[in-house]
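This report concerns only the one structure given below.
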Amino acid sequence: NFISAVVPPDEIGVKFDDIGALEDVKRTLNELVSLPMRRPELFSHGNLLRPCKGILLFGPPGTGKTLLAKALATEAGANFISITGSTLTSKWFGDAEKLTKALFSFASRLAPVIIFVDEVDSLLGARGGAFEHEATRRMRNEFMAAWDGLRSKDSQRILILAATNRPFDLDDAVIRRLPRRIYVDLPDAENRMKILRIFLSLENLEPGFRYDELANATEGYSGSDLKNLCIAAAYRPVQELLEEEKKKGVTGTAPSLRPLKLDDFIQAKSKVGASVAYDATSMN
Ligand code: ATP
């Protein structure tokens, strides 16, 4: 569907505390979005403090952009509408005008609201020259017109938060409408440690588990890669137990799994590697 989710703030279930690292990004989003949405009266005087209408989160896949968007809606007390660029198949294109109007009038009624546009490059990508599909162009223009048409009263309480792994593919006109661009980076060792602590907080770990060694051994891993690595590592004691049972010819022994060791994670690296090599240095 065109809209993939509509969730009220108290049902989103993700807060900034559930996101490891990215402290600067969280602080910036709080200033730009949560505060104006929660305290609009502080932003209605003068010209300097104006709520931001559009923000772009860009960076490698799996670094938590979607998670940040959801948590931001919780923090801002805003409804969360999510649309995904790539799900817009040609069957929708004939209805470009109707759909965008419906989206924005729906959003006005739900304000304060964050409209999260994931894979924004698919929806609002660069002009494709002579070969661009007429319908793609129409969709992009309709979307931008509806966005520009937000009444100023609404614009304080409706934020377009877009995300992409491919910022270079975005149309200039779209970039201009997203005046704040925030790079969501791969975590460094210290931040990997913070993320790992969140994923492993409820697990049975060997005493003195060396988070620092695991963080050092996972250079290049995104938050999403780290999660997959933890899942793969957590399987190892289960697998051992099953093999043990098979050897003994018994099943369903009261299972007591051994604690997870650093080595489980190191071994799991052969199954889950770092998924991206990324360079966003030419975008700022
Ligand atoms: P994509 O660009 O591929 O859509 P993304 O940047 O939107 O990726 P998410 O979908 O937010 O990434 O992250 C995928 C999963 O990875 C999350 O659901 C979460 O479990 C985990 N994750 C990623 N980064 C973090 C983080 N900093 N803290 C906690 N979990 C994280």
Got a number for residues in segment 165-210 being in a loop (DSSP other than H, G, I, E, B), crowded, with 17+ Cβ neighbours inside 10 Å and of a type in the set (S, T, N, Q)?
1
Scan segment 36-44 and tell me whether some residue there is assigned to a loop (DSSP other than H, G, I, E, B), away from the ligand (no atom under 16 Å from the Cβ) and modelled with pLDDT under 95.
yes
Any residue at all in segment 253-268 that's among the acidic types (Asp, Glu) and at pLDDT below 95?
no
Answer with yes or no whether residue 177 is closer than 21 Å to residue 69 by Cβ and in contact (Cβ under 8 Å) with a residue 12 or more places away in the chain.
yes
Restrict the check to segment 13-26 and report whether at least one residue is in contact with a Ser or Thr (Cβ under 7 Å, 6 or more places away or on another chain) and within 16 Å of the ligand (Cβ to nearest atom).
yes
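Yes/no per residue for (1) more than 15 Å from the ligand (Cβ to nearest atom); (2) surrounded by 22 or more Cβ atoms within 10 Å (Cβ to Cβ); (3) closer than 30 Å to residue 17 by Cβ; (4) at pLDDT below 90:
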position: 66; (1), (2), (3), (4): no, no, yes, no
position: 78; (1), (2), (3), (4): yes, yes, yes, no
position: 92; (1), (2), (3), (4): yes, no, no, yes
position: 116; (1), (2), (3), (4): no, yes, yes, no
position: 120; (1), (2), (3), (4): no, yes, yes, yes
position: 125; (1), (2), (3), (4): yes, no, no, yes
Members of segment 45-64 found to be more than 16 Å from the ligand (Cβ to nearest atom) and of a type in the set (Gly, Ala, Ser), listed by number
46, 54
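The values are calculated or read from the model by the stated rules, or taken from the named source; none is laboratory data. What you are looking at is a predicted structure, and each value in this text was computed from that prediction instead of being measured. Ideal geometry is used to build each Cβ from the backbone, glycine not excepted, and the neighbour counts take in all protein chains shown.
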